[in-house]
1. Taking the stretch 338-362 as the search range and keeping residues that are closer than 18 Å to Leu288 by Cα, assigned to a strand (DSSP E or B) and open to solvent by less than 30 Å² (accessible area, probe 1.4 Å), which one is modelled with the lowest pLDDT?
2. Counting only residues that are part of a loop (DSSP other than H, G, I, E, B) and modelled with pLDDT of 85 or more, which one in the stretch 474-487 is nearest to Leu290 (Cα to Cα)?
3. Do we find that Leu246 is touching a Pro at 6+ places or on another chain (Cβ under 9 Å), more than 21 Å from Glu350 (Cβ to Cβ) and open to solvent by less than 70 Å² (accessible area, probe 1.4 Å) in this structure?
4. How many residues, within the stretch 11-23, are surrounded by 14 or more Cβ atoms within 10 Å (Cβ to Cβ) and of a type in the set (Gly, Ala, Ser)?
5. So if I check each of Gln134, Gln84, which one is touching a residue at least 60 places away in the same chain (Cβ under 8 Å) and either at positive phi or polar (S, T, N, Q) (or both)?
6. For Arg70, which of the numbered conditions (1) under 30 Å from Leu138 (Cβ atoms); (2) in a helix (DSSP H, G or I); (3) out of contact with any strand residue (DSSP E or B) (no Cβ under 7 Å at 6 or more places or on another chain); (4) not aliphatic (A, V, I, L, M) fails to hold?
7. Can we say Glu274 is closer than 21 Å to Gln444 by Cα and touching a residue at least 40 places away in the same chain (Cβ under 8 Å)?
Amino acid sequence: MARELTDILLSRGKIDRSALQRAAHLRTVSGEPIHRILPRLGMVSEEDMAEALAESLGLAIVEARDFPPRPVLGDRVAVSFLRQSRVLPIAETASEIHVAMADPLDRYAIDALRLLVDKPVKPVVAVPAELDRQIDRLYGNGKAEEAERMRAAAQSARPVDAQDVERLKDLASGAPVIRLVNRMIAEAVTRRASDIHIEPFEGRLRLRYRIDGMLTNMDPPPLELHAGMVSRVKVMAGLDIVERRLAQDGRCKTSVEGRDVDMRISIVPTLHGEAVVLRLLDRARAPLDLAKLGFGDSNLQRLTDALGHGSGILLVTGPTGSGKTTTLYAALQRLNGVERKIVTVEDPVEYQLPGVNQIQVNPRIGLSFANVLRSVLRHDPDIIMVGEIRDVETARIAVQAALTGHLVLSTLHTNSAAGAITRLIDMGVESYLLTSALRCIVAQRLVRTLCPECRAPHTETLETLRALGITPDDMRQGRPHLYRAKGCERCSGSGYLGRNSVAEVLPVDETMRRLILQHADAQTLERTARSDGMKTMREDGLAKALAGQTTVEEVLRVTQAD
């Protein structure tokens, strides 16, 4: 079976032969089967391994909706056995029992269940993380008992002195704290969270995940474990474990469910202790592809045309958390090739791109955007990405780079595409330089997309549709089919699953250049761009609502300031 399984993974491009050789060596040393080694080492994701196992063994894969609403065997089976063996009965008939298994080759677990129910066992393949979630749902997740054990351990220990380095290291390396932090990260990744917030308050600790842009409260660990959790995070990020007076930033990488997850970590002192934010950068769930990010055909064509120029500036604008950097990374991914040299100047580096020279600024030692950008120009790059234009000095160097034959990609904090032009002029960049350097400006926001399993049809009133700018032409086939968020198990009751971009793309053509030289205001620039075919973010969002991808309320929420 092992040879056939590896053949499947190779044919699907899920692993290369060098990684397979390393895993085979470990198999020889440890005796552990190959289908367990590969996900554990992060060489293959749990989902890919489950699919390959199912194909190799001719078994079905169980989906989330296929799990039962109540335990099939009740208390006839020990929960500890289900957790340890990672098996879960999902259906029982008069002649057999159907069992979801993370490892369908585990004969011990199959034989144990067969003896328990005195029936043949029919296995199906389950993704381990999904199986763990379902066991938690049906039998309880055991967090209360674990928290009580850790609380007792924390209370029995003497108070931690901020200067006691060894004590803090011991606390951070303790098994209960390590398990707690690892489980917290794994749960956040499984729930598709982008951030983990750990916030101490008087007498309590608050834990929140940001899921699809919205913060959600989670069951917090005991307050007594706060020092240990913070110390553990600092150890992971290589930060000063005893410094509690100053803010610290770091990064690290971990493996969750068989795939790599980059983490940006920020720790700041607050009134009641150190607050921690972990930004989770899961490359497997962040497709660096412009089409998959939600750019429609017309916007994608305008953006592609701008990237086709050998020089000039392409700006992506929007508030913090609107996906600007991800769009730039997707653009770099499209441009990345052996014939081009690409250099980025970022604060911080979010994703690591193979073949791209990435530099992280550090103002404390003089590595500012402007200083690094001057040095980068001496390395003869073809394409430069500047993480953000924050001041006139950086803006002017970026413009000069564009005028001397470089393609420059960057971000700017403005509400609209047209507003970026007036913002640069207000910063002190001469308008005649902008007319020569600017190629295209993208403004974007992120809207939550409807869960396809539970979205509910909804009919708006004619008055509401007209107020939203939906014309009679839009309604010539009858009232458009709109949807509302309902909520189900798959989307954790929110009604939304994932996010997509809504954008406006403004090419800087001859008409725009004349208006820039005339110092036209943002409203005039936007009116002209719309007359030339540009759709605003709200119009792009309403088109997505009409297509059933999101809701009108969601579009209005993210574009209300525009």
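The values are calculated or read from the model by the stated rules, or taken from the named source; none is laboratory data. Keep in mind that this is a model prediction, so the values were computed, not measured. Don't worry about glycine lacking a Cβ; one is built from the backbone with ideal geometry, like all the others, and counts go over all protein chains shown. Side chains included, ligands, DNA and RNA excluded: accessible areas come from the protein's heavy atoms. Shrake-Rupley method; radii C 1.70, N 1.55, O 1.52, S 1.80 Å.
1. If we take residues in the stretch 338-362 being closer than 18 Å to Leu288 by Cα, assigned to a strand (DSSP E or B) and open to solvent by less than 30 Å² (accessible area, probe 1.4 Å), then Glu346 is modelled with the lowest pLDDT.
2. Among them, the one singled out is Ala485.
3. no
4. The total comes to 2.
5. Gln134
6. With (1) under 30 Å from Leu138 (Cβ atoms); (2) in a helix (DSSP H, G or I); (3) out of contact with any strand residue (DSSP E or B) (no Cβ under 7 Å at 6 or more places or on another chain); (4) not aliphatic (A, V, I, L, M) applied to Arg70, the lone miss is (2).
7. On the way: closer than 21 Å to Gln444 by Cα: no; touching a residue at least 40 places away in the same chain (Cβ under 8 Å): yes.
Judged against the criteria, Glu274 is not a match.
Yes or no, residue by residue, for (1) outside any loop (DSSP other than H, G, I, E, B); (2) without any contact (Cβ under 8 Å) to a residue 24 or more places away in the chain; (3) open to solvent by 70 Å² or more (accessible area, probe 1.4 Å):
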{"site": "Val189", "(1), (2), (3)": "yes, no, no"}
{"site": "Asp195", "(1), (2), (3)": "yes, no, no"}
{"site": "Leu205", "(1), (2), (3)": "yes, yes, no"}
{"site": "Tyr209", "(1), (2), (3)": "yes, yes, no"}
{"site": "Asn217", "(1), (2), (3)": "yes, yes, yes"}
